[in-house]
1. Where residues in the range 486-506 are charged (D, E, K, R) and under 51 Å from the mean Cα position of the chain (by Cα), which of them is surrounded by the most Cβ atoms within 10 Å (Cβ to Cβ)?
2. Residues to consider are 518, 538; find the one that is surrounded by fewer than 17 Cβ atoms within 10 Å (Cβ to Cβ) and either modelled with pLDDT of 80 or more or part of a strand (DSSP E or B) (or both).
3. Taking the condition closer than 22 Å to residue 37 by Cβ, at pLDDT 95 or above and touching an Asp or Glu at 6+ places or on another chain (Cβ under 6 Å), does residue 98 pass?
4. Look at the range 352-385 and say how many of its residues are polar (S, T, N, Q), in a strand (DSSP E or B) and crowded, with 21+ Cβ neighbours inside 10 Å.
5. I'd like the full set of residues that are hydrophobic (A, V, I, L, M, F, W, C) and either in a strand (DSSP E or B) or surrounded by fewer than 20 Cβ atoms within 10 Å (Cβ to Cβ) (or both), limited to the range 267-296.
6. Which one of these does residue 41 not meet: (1) open to solvent by 60 Å² or more (accessible area, probe 1.4 Å); (2) modelled with pLDDT under 95?
7. Somewhere in the range 398-408, is a residue open to solvent by less than 70 Å² (accessible area, probe 1.4 Å) and aliphatic (A, V, I, L, M)?
8. Just checking, which of 464, 556, 507 is modelled with pLDDT under 80 and of a type outside the set (Ser, Thr, Tyr)?
Amino acid sequence: MNNRFTLLMLLVIIPLLGLTQVPRMLLSENFTSTTCGPCASQNPAYDALLSANEDIITSIKYHMSWPAPGNDPMYLHNTVDNNARRTYYGINSVPHLYMSGNLFHGMPAQVSQAMIDNYATNNPSPFEIIMQHRLSDDQDSVYVTMLIRADQAVSGNLVAQIAVIEKNVSFSSPPGTNGETQFHNVMKALIPSRSGTSLPDFEEEDYYIVEAAWELANVYDINEIAAVGFVQDNTSKHVHQAANSSADPLTPFYANDAAVKNISNATSVNCSGTMEPFITLVNYGSETLTSATLEFSVNGEPVHSMDWAGSLDFLQTTTVEVGELAFFLQDENNLEILISGTNGVGDDYPKNNVMNYEFMQSPNVNGVNVSLFILLNNAPEETSWELLNQTGEVVQSGGPYTNPNSVVSMPLEVSDLGCYEFIMYDAGGDGLCCGQGTGYYAVLGADSDPLFTGQSFGSIDRNEFAYGYVGQDEIASASSLQVYPNPLESGSTLYFSLESASAVKAEIYSITGKQMGLVDFGKLSAGSHSLDQLTDNLAKGMYILSLEYNGQKHVEKVSIQ
């Protein structure tokens, strides 16, 4: 009997171990107003209920413009974000609340202790959320960091929302017509935007970090500033998990965890077959990041590797200048950056070790009048640009400008053949959108069709276009002549092999189409022949070798490592 009882207990316990989930923090989103009489009568009891259950429920209070006269100061402080959540739920009366999105909605007076206990107990969460808020040194902004980790696989139309709140607001006299003077968890701003941060689907133990900031405005007491964060499915409106922020330091999920946070200074349209990207390297681990190995490939072909050394604490970043990458262009291209080593060991969370950057090959605009169009924003003095020819010489430039929200339109000077680079600068660091109003730019080709456009590009945006340019993709191969070894180690010898005696002429080009060398061998016998005359002085990189013999041309892509 005892053995059977032990077996039965094991059968019960084992499945339960596989079903462990994170305790749920419920979210109450309250819609209220200082001009709402029923709000004043229901809020005190409900606020007391919230206060008695701070370990299992938190709240955000959105202030509305009705009933008339609609002069609630906490509504007027941020009408856009308050109205955004009202519209999201279709709220048309106050007081009203939504509990964890779709668990319950109704009036505060309808919520009981038993209801809160039931929802919290019977709805475990698939997510763990920890949050920190901190004020800037000059106390004019708040910075919020939200760490989200999945305890199980979760998919859907997921978003992370962060609401900056003022925990307690007290008035000496009622600010509205309903007599209330005490207000709690008043929403001040939704950051980084009212639409939230889109999240990917999660597998078990996947995590995601959201960082956002808000410049303080209309705050009654800076010491009462905090944040509430939550993960919601925009399709079902279900809130999977919520959390309150703390001023305490965050504890990272892993010890050694580096990631590429951003890629900049890269061209989204390219004709040169080169770029010099910058990457933002970030430490998401608890151990100080002192070294990382970075590997770069384009269209699956390795093009560069480098070792970074420095010192980054948790969430600190640094900009790494990669240098020039050279590659063979296709119509559609992908730059992949991989962190293959962290602090001399394997990375504890390899899922964030890869970042991809998609870019296109530029169309050829031979014989076309190329023009520039700019819609300036509210800070035209921050906007300038340059046009560079194939040798890197600035052939045209413009800005800074003086007239806000005006239009700039002009032809670009592209009479010579080649691969041109257009660079747009913004001294404010937010592109033409959206910190200083909304603007954008476009470089236009035939029929005023855009070759590329830009808007939210930070400090700099680079793109290229080909004007009457014969590039690497326009050299055709006409034979099966053998070239070896390829790739070629720097300092080694490159050979080609002839099946029969023939006159041979060899040329080698950079991948931008610039001729790097030419040798006319005259008539050669069958067999192997050296190409040292062409390759001895070439730097590491990728090249195009053209061998002409018997009236045919053979083209080979050659990599020198």
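The values are calculated or read from the model by the stated rules, or taken from the named source; none is laboratory data. These numbers come from a predicted model, not from an experiment. So basically every Cβ, Gly included, is an ideal-geometry build from the backbone, and we count neighbours across all protein chains shown. These area figures cover heavy atoms from the full protein model, side chains too; ligands, DNA and RNA do not enter into them. Shrake-Rupley method; radii C 1.70, N 1.55, O 1.52, S 1.80 Å.
1. 505
2. 518
3. yes
4. Total meeting the criteria: 1.
5. 269, 275, 278, 279, 281, 282, 289, 292, 294, 296
6. So the condition that residue 41 fails would be (2).
7. yes
8. Of the residues listed, the single one that is modelled with pLDDT under 80 and of a type outside the set (Ser, Thr, Tyr) is 556.
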